[in-house]
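*Asks:* Take this structure first; my questions come after.
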Amino acid sequence: MRLLVNSVMGISTLLYPLAVFFGRDYFEPWKIAALLIALLLVRLAASYSIKHWSTPLLMGGIGYCLLAMWINQLNALLFYPILVNGLMLFIFGWSLFSPPSLIERLARLQHPDLPPEGVIYTRRVTQVWCGFFIINGTLASVTAFWCSLEVWSLYNGLIAYVLMGILFAAEYLFRMRTLKHVR
């Protein structure tokens, strides 16, 4: 049940840029921010524990939305993707300095006896994700500051997720092709 709730809430929060784009004509900005707070609170309640890796991300999102509610300007809603990328960079980056890396922790859920090559590989994958969050956060910033709402919505509501999917798929294919012996 927790997986279902997290999945539905995760998909709902991914649709945030589209909610801003389509909701701007029907709702005041504070109402859109309040809706996102409700979704984030449900996800936080469904988390496995307060020590779950996503807790800082959810808490940061809630804090940001409270500020956006107070400001009640459409432009204030555009910075959420920047915040998410910054927090993800922080979480992944912190795990590089406080091993094991986040990707290693996830890998050990399926392979508790991860060999040394697997540890090195998961560290590299964590570094690649850090690079992705830097680039994606920069592009989210460019769209928030200098682009139209349509471009912001297109990039943050579609293109960023396509790029993320490509990175997931490329890493998976690379892993299957080159690391068959690491299991």
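The values are calculated or read from the model by the stated rules, or taken from the named source; none is laboratory data. None of the values given here were measured: they were computed from a predicted structure. Glycine gets a Cβ as well: all are built from the backbone with ideal geometry, and neighbour counts include every protein chain shown. Remember, those area values only see protein heavy atoms, side chains included, never the ligands or the DNA or RNA. Shrake-Rupley method; radii C 1.70, N 1.55, O 1.52, S 1.80 Å.
*Asks:* What relative contact order, as a whole-number percentage, does region 70-164 give when Cα pairs under 8 Å and 6 or more residues apart are counted?
*Replies:* Numbers: 66 pairs, mean separation 33.8, N = 95.
Computed over region 70-164, the figure is 36 percent.
*Asks:* Please state the Cα pair-distance histogram of the chain with 10 angstrom bins from zero: what percent is in each bin?
*Replies:* 9, 32, 35, 17, 6, 1
*Asks:* Round to the nearest 10 and report in Å² the accessible area of CYS147, as given by a 1.4 Å probe over the protein chains' heavy atoms.
*Replies:* Around 50 Å² of this residue is reachable by solvent.
*Asks:* Given contacts defined as C-alpha pairs under 8 Å and at least six residues apart, what's the relative contact order of the chain, whole-number percent?
*Replies:* Once divided by the residue count of the chain, the mean separation gives 23 percent.
*Asks:* Taking the chain as a Gaussian network, Cα atoms linked when under 10 Å apart, which of LEU109, LEU74, LEU139 shows the biggest mean-square fluctuation?
*Replies:* So, out of LEU109, LEU74, LEU139, the one fluctuating most is LEU109.
*Asks:* Which value, in Å to one decimal place, does the Kirkwood hydrodynamic radius take for region 27-123 when every pair of different Cα atoms is included?
*Replies:* In region 27-123 this quantity evaluates to 15.1 Å.
*Asks:* Using a probe of 1.4 angstrom, how much of the accessible area of the chain is carbon and sulfur, in percent?
*Replies:* That fraction is 72 percent.
*Asks:* Can you give me the accessible area per residue for the chain, using a 1.4 Å probe, in Å²? Intermediate results must be reported in sequence, preceding the final value.
*Replies:* On the way: 10920 Å² over 183 residues.
Per-residue accessible area for the chain comes out at 60 Å².
*Asks:* Kindly provide log₁₀ I(q)/I(0) values, in the same order as q = 0.11, 0.13, 0.19 Å⁻¹, from the Debye equation applied to equal alpha-carbon scatterers of region 73-154.
*Replies:* -0.39, -0.51, -0.78
*Asks:* Under a Cβ-only charge scheme (Lys and Arg +1, Asp and Glu -1), can you give me the dipole magnitude of the chain about the Cα centre, in debye to the nearest 20? Each step should come with its number before you reach the end.
*Replies:* Details: 13 positive and 7 negative charges, 118 e Å.
My answer is approximately 560 debye.
*Asks:* Sticking with this one: For TRP94 and GLU171, what is the calculated FRET efficiency with R₀ set at 22 Å and r taken between the beta-carbons, to the nearest 0.05?
*Replies:* Efficiency for this residue pair is about 0.60.
*Asks:* Between ILE159 and LEU74, what FRET efficiency follows from the Cβ-Cβ distance if R0 is 25 Å, with the result rounded to 0.05? Numbers along the way, then the final one.
*Replies:* Values: r = 21 Å, r/R0 = 0.83.
Efficiency at R0 = 25 Å is approximately 0.75.
*Asks:* Separate question: Would you rank ILE32, ILE11, ILE71 by solvent-accessible area, highest first, keeping every protein chain in place and using a 1.4 Å probe? Each step should come with its number before you reach the end.
*Replies:* Working: ILE32 10, ILE11 100, ILE71 75 Å².
Most to least solvent-accessible, the answer reads ILE11, ILE71, ILE32.
*Asks:* Loop-only chymotrypsin sites (Phe, Trp or Tyr not before Pro) in region 20-121, please: DSSP not H, G, I, E or B, and at most 12 other Cβ atoms within 10 Å.
*Replies:* Those that pass, being in a loop and sparsely packed, are TYR26, TYR48.
*Asks:* Another one. Among SER153, SER54, SER98, which one moves the most in a GNM of the chain with springs linking Cα atoms closer than 10 Å?
*Replies:* In the Gaussian network model the winner is SER98.
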